[in-house]
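To keep things clear, I will list the structure first and then write my remarks on it.
The values are calculated or read from the model by the stated rules, or taken from the named source; none is laboratory data. It should be emphasised that the depicted structure is a prediction, and the values quoted were computed from it without experimental measurement. So basically every Cβ, Gly included, is an ideal-geometry build from the backbone, and we count neighbours across all protein chains shown. Quick note on the areas: whole protein, heavy atoms, side chains included, nothing else; ligands and nucleic acids left out. Shrake-Rupley method; radii C 1.70, N 1.55, O 1.52, S 1.80 Å.
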Amino acid sequence: MELTNHQKDAMRGLLARADEEGVASLGGLAGTGKTTLLAELDKELGGRAMVVAPTGRAASVLRRKGVAANTIHSALYGAPTSERYAHLGGCTLGEFEAPTLDCIPHNCTSSPSWGGRRELAFAPEYLIVDEASMVNSKALADLLQTGAKVILVGDHGQLPPVVGTPVISNPDFVLTEIHRQAAESPIIRAAYAVRDGATLTAAAEAEGIPVQRWKGRVAPNTDVARICHTNVMRHRINAAMRQALGRADGPKVVAGERLLCLANVRSGPGGAMVAANGEVGTVREVLEYNEARSYALVKIDVDHGTQGLVQRISLTQLGTKTLHRNQLDGANPWDWGYALTAHKSQGSEWGTVGVYYEPSIRRSQDRDAWTYTAVTRAEESLVVVNA
């Protein structure tokens, strides 16, 4: 797709500022053509650039759109060196996520010791960082220490990093022209409306987007990404979904089950990340089920990621509100994956999305950014559920 004059001006400005200052940032709301510009920028720079993203999910979205991309961590960092965290297979801690139960053993107050920054696969002149709304100032400092010029690209209307100072809240250049196809989308129009202060219910109704009331039940459709604000609601949706699928009697895992990864999984010490914290996959096959020792050995197809990933998962972890780090038999922590929070959804896109509009987010100071982030995860269709 050919760039518009507005995009061409922004790209020239980005390169000039990066060459002069060492870092430049580009913002743009949904539908303004950020990915198109990023792809053209990567093409323009050729072998002088490396494209990275904060999460495996975000990198996989870029790859689906034809842009070779990897995660920041896989480019810059080694795996945790502490034996205490060896069973985690890696953890995105401190750089992009708060030290929550998703990252830290429940009885531990220290952090994993990452291997020091390692040599990049090659020495790029430019590092192009997508989904920069998820990047904080500490991560940017690490990127700049590589000696490369850093170009940040992201949606400044989305949720900021969970921890640390955001780096793209006030971008140097902003794309403001909404592409015609995006402007015709009721999802994009609703997203802009909630960012301007409308409630999600009002914005959805104005665009003819279905609005439902949460009654504790869901349709047994596993193709819908269900996004909520709290983990309490996430567990409720998971339970309702397994009830609808006829799988509510105990934690038995079957083929077709949707699972959510709760901690990064690597192929081995210092190896490639094969599943990222927050990624969702489908159980292709149950290889072993040991109820006595409370684990199952399963083969998982990660959405837009690793296919046929063999994982030993803890049955006691499934459906529980506390992350169990003392996993038996080297099991990695996975939970039911029929719902996820908006923070874990960042960097991902789905054809159909259900947004659960909880009272907690209606009262939150992050309401507009949270709602905008959740709504813009939908590519084709959206349903709003007032919870």
Pairs with Cβ under 7 Å, 6+ apart, first in the stretch 148-175 and over 14 Å from Leu26 (Cβ atoms), second open to solvent by 50 Å² or more (accessible area, probe 1.4 Å) and part of a loop (DSSP other than H, G, I, E, B):
Ala148/Glu125; Leu159/Asp366; Pro160/Ser169; Pro166/Pro160
Some residue of the stretch 264-285 being of a type outside the set (Ser, Thr, Tyr), crowded, with 19+ Cβ neighbours inside 10 Å, outside any loop (DSSP other than H, G, I, E, B) and in contact with a Phe, Trp or Tyr (Cβ under 7 Å, 6 or more places away or on another chain):
no
Matching residues, the stretch 212-238, being touching a Ser or Thr at 6+ places or on another chain (Cβ under 7 Å) and part of a loop (DSSP other than H, G, I, E, B):
Asp223, His229, Thr230
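Name the residues in the stretch 24-45 that are among the hydroxyl-bearing types (Ser, Thr, Tyr), assigned to a helix (DSSP H, G or I) and more than 19 Å from the chain's Cα centre (by Cα), would you?
Thr36
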Name the pairs whose Cβ atoms lie under 9 Å apart, with the first residue in the stretch 241-254 and farther than 21 Å from Pro333 by Cβ and in a loop (DSSP other than H, G, I, E, B), the second open to solvent by less than 40 Å² (accessible area, probe 1.4 Å) and not hydrophobic (A, V, I, L, M, F, W, C), and 6 or more positions between them or separate chains?
Leu245/Gly256; Leu245/Glu257; Leu245/Tyr338; Ala248/Arg242
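Could you grab me the full set of residues in the stretch 156-173 that are surrounded by fewer than 18 Cβ atoms within 10 Å (Cβ to Cβ) and among the aliphatic types (A, V, I, L, M)? Even if it seems obvious, please write down each step before you answer.
Just the residues of the stretch 156-173 that are surrounded by fewer than 18 Cβ atoms within 10 Å (Cβ to Cβ), to begin with: 162-163, 165, 169-170.
Passing the criteria: Val162, Val163.
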Can you find a residue in the stretch 214-231 that is of a type outside the set (A, V, I, L, M, F, W, C) and more than 16 Å from Gly354 (Cβ to Cβ)?
yes
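Please tell me if Lys138 is crowded, with 17+ Cβ neighbours inside 10 Å and of a type in the set (D, E, K, R). Give the derivation first.
Values: crowded, with 17+ Cβ neighbours inside 10 Å: no; of a type in the set (D, E, K, R): yes.
No: the conditions fail for Lys138.
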Please work out which one of (1) modelled with pLDDT under 95; (2) open to solvent by less than 20 Å² (accessible area, probe 1.4 Å); (3) more than 23 Å from the chain's Cα centre (by Cα) is the condition Ile209 fails and give its number.
(1)
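Considering each residue of the stretch 15-44, count those that are hydrophobic (A, V, I, L, M, F, W, C), open to solvent by less than 10 Å² (accessible area, probe 1.4 Å) and touching a Phe, Trp or Tyr at 6+ places or on another chain (Cβ under 8 Å), and give that number. If you could, list the steps in order and put the result at the bottom.
Step one: of the stretch 15-44, the residues hydrophobic (A, V, I, L, M, F, W, C) are 15-16, 18, 23-24, 26, 29-30, 37-39, 41.
The next check asks that each one be open to solvent by less than 10 Å² (accessible area, probe 1.4 Å); those that pass are 18, 24, 26, 37-38, 41.
Right, trim to touching a Phe, Trp or Tyr at 6+ places or on another chain (Cβ under 8 Å) and you get 18, 24, 26.
Result for the stretch 15-44: 3.
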Spot the failing condition for Ser185; the list is (1) of a type in the set (Ser, Thr, Tyr); (2) surrounded by fewer than 17 Cβ atoms within 10 Å (Cβ to Cβ); (3) over 30 Å from Ala49 (Cα atoms), and only one is missed.
(2)
Anything in the stretch 308-325 that is at pLDDT below 90 and open to solvent by 20 Å² or more (accessible area, probe 1.4 Å)? List them, or say none.
Thr316, Gly319, Thr320, Lys321, Thr322, His324
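Right, Tyr295: in contact with a strand residue (DSSP E or B) (Cβ under 9 Å, 6 or more places away or on another chain), hydroxyl-bearing (Ser, Thr, Tyr) and open to solvent by less than 10 Å² (accessible area, probe 1.4 Å) or not? Don't jump to the end; show me each part of the working.
Numbers: in contact with a strand residue (DSSP E or B) (Cβ under 9 Å, 6 or more places away or on another chain): yes; hydroxyl-bearing (Ser, Thr, Tyr): yes; open to solvent by less than 10 Å² (accessible area, probe 1.4 Å): no.
The answer is no for Tyr295.
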